[in-house]
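Worksheet: the structure to be examined is printed underneath.
The values are calculated or read from the model by the stated rules, or taken from the named source; none is laboratory data. Every value quoted in this text rests on a predicted model; they were computed, and no experiment measured them. When we count neighbours, we look across all protein chains shown, and the Cβ atoms used for this are built from the backbone with ideal geometry, even at glycine.
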Amino acid sequence: MSRAIITFLIASVLLCESALAAESSSLKLELPAGTKVTSATAIAAGLKLETAGKIEGDPISFDKLLPETAYDVRLQLADGTTIQGVDLGWYNEEETKADAGPLSDDDRKEMLGIISIPDFYNRHDILMYQGDHSRAATLVQLVRDKDFYAGGGQVIWRIEIYYFKNQHGGWEKIAQTNKILRRERFKTHDAFKSTTDKIKYLAALGGLKLDKNQSEKTVKIENLAPAP
């Protein structure tokens, strides 16, 4: 039997095991009292899977999720706000330094100052930071809202994750690790504002996982306000 066939059979068995485990796997989400949710979705972006949550009761429940798979949860609130979970965990399995200390305002300013963005964009900002004094993952917004060849008034918008390390005496952006989460073109600045002003990103709703043999997990969210 060829190696390719053996690899295919092993992958098929693992997929079947994951599917069987998912039949009884449930992620439950407890939100702050009074939160009015009209829809909830758990998204496994790497697999292009979306699972609708049951919002009739409290907590919200996502059933039949794959174990050991990272899900980002998106909540649509009654007031029109979208709360989008974003995974700001580190991009590999490298352990963090136990004595690194917390991120400081100076750390944040330095990362913003050295951020490298394509020349096409005329505005950029770091929306969120997660990490410590040795390394950090950041949520970055890139905007092109000045006139360009496609016509005046249009806006190009991108949301990405960038990774930074504090080494050799200062912060450095890690090359070729950024992840594009969303990229969109708007015909007018008003259309851009009406969409993006309603989106709030929340790290606490990103990268949620059930362990291999875990049938149920409950995540409690204390605050839906995005952290700086």
Looking at Ala175, Ala137, which one is out of contact with any helix residue (DSSP H, G or I) (no Cβ under 8 Å at 6 or more places or on another chain) and free of Cβ contacts under 8 Å to residues at least 12 places away in the same chain? Ala175
Residue that is within 13 Å of the chain's Cα centre (by Cα) and either aliphatic (A, V, I, L, M) or assigned by TED's automatic domain parsing to the domain that holds Pro32 (or both), where the choices are Ala191, Ala203: Ala203
For the range 94-133, give me each residue that is over 21 Å from the mean Cα position of the chain (by Cα) and more than 23 Å from Trp157 (Cα to Cα). Lys97, Ala98, Asp99, Ala100, Gly101, Pro102, Ser104, Asp105, Asp106, Asp107, Glu110, His133
So in the range 170-203, with the set limited to residues that are polar (S, T, N, Q) and more than 15 Å from Thr138 (Cβ to Cβ), which one is surrounded by the fewest Cβ atoms within 10 Å (Cβ to Cβ)? Gln176
Output the qualifying pairs, or none if there are none: Cβ atoms under 6 angstrom, residues six or more apart or on different chains, first residue in the range 87-105 and within 9 Å of Asp132 (Cα to Cα), second residue modelled with pLDDT under 95 and not in a loop (DSSP other than H, G, I, E, B). none
Hits in the range 169-228 - residues which are small (Gly, Ala, Ser) and not in a strand (DSSP E or B): Gly169, Ala175, Ala191, Ser194, Ala203, Ala204, Gly206, Gly207, Ser215, Ala225, Ala227
In the range 43-65, what residues are of a type in the set (A, V, I, L, M), surrounded by 12 or more Cβ atoms within 10 Å (Cβ to Cβ) and more than 17 Å from the chain's Cα centre (by Cα)? Ile55, Ile60, Leu65
With the condition kept exactly as written, say whether any residue in the range 208-219 is in contact (Cβ under 8 Å) with a residue 12 or more places away in the chain, outside the structural domain of Ser134 (by TED's automatic domain parsing) and under 20 Å from Arg123 (Cα atoms). no
